[in-house]
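Accompanying notes for the structure given below.
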Amino acid sequence: MTEPLLFELSSPGRVGCRLPELDVPETALPEKSLRRELPLPELSEREVAQHFTRLSQLNFSVDTGFYPLGSCTMKYNPKLHEEVARFPGFAHIHPWQSESTVQGALQLMYELQEYLAEITGLPGVSLQPVAGAHGELTGMLIVRAYHLEHGDEGRTVVLVPDSAHGTNPATASMCGYEVVTVSSDPRGNTDVGELGRLMDETVAGLMLTNPNTLGLFEEHILQVTEIVHEAGGLIYCDGANMNALLGIASTGELGTDVLHLNLHKTFSTPHGGGGPGAGATAVTEELTPFLPTPVAARREERESTAALTEYYLDYERPHSIGPVSGFYGNFGVMVKAYAYLRSLGERGLREVSENAVLNANYLLEQLKGYYHLPYDRPCLHECVFSGKAQANLGVHTVDIAKRLIDLGFHPPTVYFPLIVDEALMIEPTETESLETLDAFVTAMRQIAREAESEPELVRGAPRTTPVTRLDEATAARKPNLKWQG
Amino acid sequence: MEPTDRRYSKEHEWAKLDEGLAVVGITHYAQEQLGDIVYVELPQAGDTLRQFESFGIIESVKAASDLWAPISGEVVAVNEELVDRPELVNEDPYEGGWMLKVHPQDESEMGALMTAEEYGALLKTLEE
Amino acid sequence: MSSYIPNTDADRREMLETLGLDSLQELFEAIPPEKRYPHLDLPPPLSEMEVKELLRGLAEKNADLDHHPCFLGAGAYHHFVPAVVDHIISRGEFYTAYTPYQPEVSQGTLTTIYEFQTMVCQLTGMDVANASMYDGATGVAEAGLMAARVTRRYGLVVASTLHPRYRQVLRTYTQGMGMDIQEVGYGEDGGVDLRQADQLLGAGTAALMVQYPNFLGSLEDLQPLSELANRVGALLAVCVDPVALGLFRPPGEQGADIVVGEGQSLGSPPSYGGPYVGLFACRQKYLRQMPGRLVGMTTDTDGRRGFVLTFQPREQHIRREKATSNICTNEALVALAAATHLAIMGKQGLRQVAELCYHKAHYAADGIDALPGYERLFGQFFKEFVIRTPVSPATVNALLMERGIIGGYRLERDYPQLGDCLLLCVTEMNTKEEIDSLLEALREIGDSR
């Protein structure tokens, strides 16, 4: 089925929302500044509601099925969070209101900062970045500011492992750094020998993902951080995979200087079809002065200054890199992460990671005879297979992904990390049951068999979806990026 | 087997001398690896190339790659047809899908490139 | 065990057995033993009921706009959001989906982005729009970086009437890029000082960056700015209030090359500053230098219409350090709210909202200007305007709050010369009664000095 576009449904004269009559005297409009036409669609409320509801039904989502998209942590999003974030006292407050009128909001931000500091072992937290890559930018600008503060202007290079997310090199580049790639060793760790050779006084730091994008814990982590620190560099940790380590290990204790967290992965806030996220960034004590302005703060001693509020926004940060977004970050997302942490506590967080890691290892074990496992060792929160055995039969990873759709599952992340041919990156998360995992295993095994016996069936998938495979080449060669009637 | 009238780089570009000019493009293997090519960003006539340095970008649906000059020299012509029909690089990489004509700075640089036979051997090792 | 984890102890035992393990602890042996299981000092876990009450308590400590007339704007706006908007973005199929990398199971999200892109173009008068940026501030920063890529120049001339916070974010974003940022002041009517702009623009300028209507509320003709910028080969980048474009000439008709804006006004509540959504549009010829995601129309193997993410090789997951931006997650759900909002408001509704804002703001401004001791500054405006107050703006705001009214934005920090001024905003949400009580309160405050 296809749904017509708003512009095709539009009919002149239809109105979707009635507004109140003007209750003040009119002022003459400045004719020469007015627009001549406003070409927006015209629909009634009924049509708008129906159109978007029908469109929603063309989507796969966590609420409708298993979504084992590696590196994305598609866990269940508790419904309570949607409700509390919409409380008028949160949703209907203005960012420029005086601090005395938003003490509840500031308290929530302050406490969330404290919880994240406790979990990461890194005491300085900014909630201002609104996405993972935005946290990376914040973190790497902090690294840059730190070196400049120490008069260290010769550090122009940032090291990035070949298994890293694309945002890492893109971020380093936006901060003005040259990117040099570090290889992975045969066990999927950062190659410590190569790191040692590359690390010198021109290197600002290493951007590390741990556990890395192979779902593997960096086995030589303490050695890695030592090599980098000894040469005067800093360790940036991409926290995209923190769902593996909650209450299991604190990143700060492993030698990380800067870390971003994806509240929309690890802390259960929904992905929204591609955002909003929140990329809270945590740093060591030494790097705290460089955090973006402002940060939520608390006055411990208020007796002498009774006129002042308990919670406030601290703008007096002379070493700050400056603000990174319009206000204080994605507050609505913070409310959801806060609710999540208050629901779980220490024990609950540990259970999240234990179950996420157990689920991933279970899938690894059940699929390993059926798909090539390039790094055969226990994983953490996700496992990475290669479809290269199937590729030799003419069935590529993209085909396996599309066939999974026909069998009722969202595909894993495919063709990433780049160091694995025909990669299939599977992250089940802790919120899936054994029955779901078993059903997924059955489907994956079935596809492995079909690749041998009925490759055309796999290559022709998906067949059950609103559309079949789309012509992406024509989309790029002859771009049609807006409706032109 | 690749055409023997030209030389090849290990980055999978080719250069062919033709009446004092070097014609430049990418190989059949390169276009196959990239898949459906959707965009080619090329220098302008008058720009200078240096051997083994980047001179442009080629994009497919899922990948983007730098283009590396197989030879140094001044660009004298650009294949304008690729603007509207980048798929020519897929369809006919050695003729219609050419990219640049270059006035070579030093024809002896061709010596640093592989013959068709040597390039064929390289491809064999890549397939393994 | 938390209710978000379905597996039982028996399930876990069975799974461990499959793995040949005795305990969950054995899963973590790659981690240095001395670093395992740190103690976390966190509050104890609470039930759903308790969390809800806790959060309600925190929310109720805040003075919300449902109970307080509000005249604050300055980048975040209190506009009406029809019920259908929240209903749509509350659908799990939308809000629990990921970025639409698998188009066959993401046609819902992809179609709405295509519609969003189209309506942003319709509103701004530009050729192409992306799927969203984080917010208006980061949209401005990315516009500056994009102008540098297009022109291969590293100078920006930025109006001091561009949102002060956006200017700071621009400086944060560009600090590693060696960009040269100069600011151009405003003239008597509150518009960009054209003579100074002409002096600052030069062969090294990538873009002239302005706001429309500007931070001080003034609505100026963009055409002369575009001509000044084009004369030196620089782009004109304009940051807009999309609601104003319901009524006023779009920047695309006035020579803008890049248009960005804060889209919160379109269907999202102020929510203490986020999540918001950045609008980003440009001319066709700069398409390849645009940051962020794009959705395009195409066909499937059976010839049916469908939508896909396109131009992905510009993006970080393919182009890595050479990408146009590092942006990955954007604000898709907020963009969906904006698309739904624009659809429900439509041609007539958005114009009507803009007219209500205009007339109410002018009624308020004229009323205040007539009060003894108060004065309205600058020229033509839309829904925001600057007033000079007879007592300090901080005092005015505090005394308004005593009367339950949330006052204006104090300009002293960003514009020392306007230290005795407030920026007020009036929207369709402010009834005549509210405006009259503001006027009455301001009169009393003025009289009491």
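Nothing in this text is a laboratory measurement; each read-out follows from the coordinates by a stated rule. A quick note: this is a predicted structure, and the numbers were derived from the prediction, not measured. Glycine also receives a Cβ, built like all others from the backbone with ideal geometry; neighbour counts cover every protein chain displayed.
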Practice prompt. Going by C-beta contacts inside 10 Å, put A:E136, A:E435, A:E194 in order with the fewest on the left.
Written response: A:E435, A:E194, A:E136
Worksheet item: Once the Cα atoms of helix C:9-19 and of chain C are each reduced to a long axis, what angle between those two axes, in degrees from 0 to 90 to the nearest 10, is obtained?
Response: 70 degrees
Item to complete: Determine the equivalent ellipsoid of the protein assembly as shown by diagonalising the alpha-carbon gyration tensor, then write out the semi-axes as square roots of 5 times the eigenvalues, largest first, rounded to whole Å.
Response: 46, 36, 29
Discussion item. Cα atoms only: what Rg and Dmax, in Å, come out for chain A?
Written reply: 25.2, 80
Practice prompt. Find the Cα radius of gyration of the stretch C:1-48, compare it with 2.2 N^0.38 Å by division, and give the number to two decimals.
Written response: 1.47
Discussion item. List the lysines whose Cα sits under 27 Å from the Cα of A:K388, skipping any in the same chain fewer than 8 residues away.
Written reply: A:K368, A:K402, B:K10, B:K62, B:K124
Discussion item. What does the structure give for A:46-52 when I average, per residue, the other chain Cβ atoms found within 10 Å of the residue Cβ?
Written reply: 6
Worksheet item: Within 10 Å of each Cβ of C:160-173, how many other protein chain Cβ atoms are there on average?
Response: 3
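Please compute the net charge surrounding A:R54, taking Lys and Arg as +1 and Asp and Glu as -1 over other residues with Cβ under 14 Å from its Cβ.
Spelling it out: positives minus negatives among the neighbours equals -3.
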Discussion item. 5 Å is the cut-off here: which amide hydrogens, built 1.01 Å from N in the peptide plane, fall below it relative to A:D238, excluding neighbours closer than 5 in sequence?
Written reply: A:L208, A:T209, A:N210
Worksheet item: Okay, helix-only estimate at 222 nm for the protein assembly as shown: each DSSP H run of n ≥ 4 adds -39500 (n - 2.57), divide by all residues, round to 500 deg cm²/dmol; what do you get?
Response: -10500 deg cm²/dmol
Worksheet item: Along the stretch A:228-237, what does the Karplus equation 6.51 cos²θ - 1.76 cosθ + 1.60 (θ = phi - 60°) give for ³J(HN,Hα), rounded to whole Hz, x for Gly and Pro?
Response: 5, 5, 4, 8, x, x, 10, 9, 9, 10
Response to the item:
Lys and Arg at +1, Asp and Glu at -1: neighbours of A:E422 with Cβ under 11 Å from its Cβ sum to -1
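Enter the mean number of other protein chain beta carbons within 10 Å of the beta carbon of each residue in A:359-367, as an integer. Write out the running numbers ahead of the final one.
On the way: counts 5, 1, 7, 8, 1, 1, 4, 3, 0.
So the per-residue partner count for this stretch is 3.
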Worksheet item: Can you put C:M1, A:M444 in order, fewest other beta carbons within 10 Å first?
Response: C:M1, A:M444
Worksheet entry | FRET efficiency for A:D421 and B:T4, using Cβ-Cβ distance with R0 set to 41 Å, rounded to 0.05 | 0.85
Worksheet item: How do the peptides B:96-108, C:250-262 rank, highest first, by the average count of neighbouring beta carbon atoms within 10 Å per residue?
Response: C:250-262, B:96-108
Worksheet, complete the sentence: Expressed in angstrom and rounded, the centroid-to-centroid distance over alpha carbons for the stretch A:60-138 and the stretch C:418-449 is 34 Å
Item to complete: Would you please give the residues with an amide H less than 5 Å from that of B:G56, counting only those at least 5 places away or on a separate chain, with H modeled from the backbone geometry?
Response: B:L67
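Across every pair of different alpha-carbon atoms, what Kirkwood hydrodynamic radius in Å does the stretch C:316-432 reach?
17.3 Å
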Worksheet item: Among A:K388, A:K336, which comes first, then next, by fewest other beta-carbon atoms within 10 Å?
Response: A:K388, A:K336
Practice prompt. Could you work out which residue, out of C:L400, C:L245, C:L21, moves most in a Gaussian network model of chain C, that is, has the largest mean-square fluctuation with Cα springs under 10 Å?
Written response: C:L21
Item to complete: Report, please, the projected area of the stretch A:385-485 averaged over directions, based on the convex hull of its C-alpha atoms, in nm².
Response: 8.7 nm²
Response to the item:
Rounded to the nearest Å, the spacing of the alpha-carbon centers of the stretch A:213-260 and the stretch A:362-408 is 27 Å
Fill in: Per-residue HN-Hα couplings for the stretch B:42-52 [Karplus 6.51, -1.76, 1.60; θ = phi - 60°; Hz; x = Gly/Pro]
10, x, 9, 3, x, 6, 10, 9, 10, 4, 6
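Could you estimate the translational diffusion coefficient of the stretch A:80-341 from the Stokes-Einstein equation, with Rh from the Kirkwood formula over C-alpha pairs, at 20 °C and 1.002 mPa s, in whole µm²/s?
Numbers: Rh = 18.8 Å.
Taking Rh from Cα pairs, D becomes 114 µm²/s.
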Practice prompt. Please work out the C-alpha center-to-center distance from the stretch A:409-465 to the stretch C:60-115 and express it in whole Å.
Written response: 32 Å
Discussion item. Using the Cα centre of the stretch C:389-429 as the reference point, and only Cβ charges (+1 on K/R, -1 on D/E), how large is the resulting charge dipole? Debye, rounded to the nearest 20.
Written reply: 60 debye
Worksheet entry | Residue-by-residue Karplus 3J(HN,Hα) for the stretch C:25-41, coefficients 6.51, -1.76, 1.60, Hz, glycine and proline x | 4, 5, 6, 10, 6, 6, 8, x, x, 5, 9, 7, 6, x, 7, 10, 8
Response to the item:
chain C, Gaussian network, Cα under 10 Å: of C:Y272, C:Y186, C:Y374, the residue fluctuating most is C:Y272
Practice prompt. Hey, for a label at B:E118 modelled as a point 7 Å past Cα toward Cβ, could you say which residues of the stretch B:1-42 have their backbone N under 15 Å away?
Written response: B:4-16
Worksheet item: DSSP beta bridges in chain C, what fraction antiparallel, as a percent rounded to 5?
Response: 55 percent
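Can I get the semi-axes of chain C's equivalent ellipsoid? Compute them from the C-alpha gyration tensor as square roots of 5 times the eigenvalues, in angstrom, largest first.
Working: eigenvalues 341, 196, 101 Å².
Result for chain C: semi-axes of 41, 31, 23 Å.
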Response to the item:
Hydrodynamic calc, the stretch B:7-127: Kirkwood Rh from Cα pairs, then Stokes-Einstein at 10 °C with viscosity 1.306 mPa s, so D in µm² s⁻¹ is 112 µm²/s
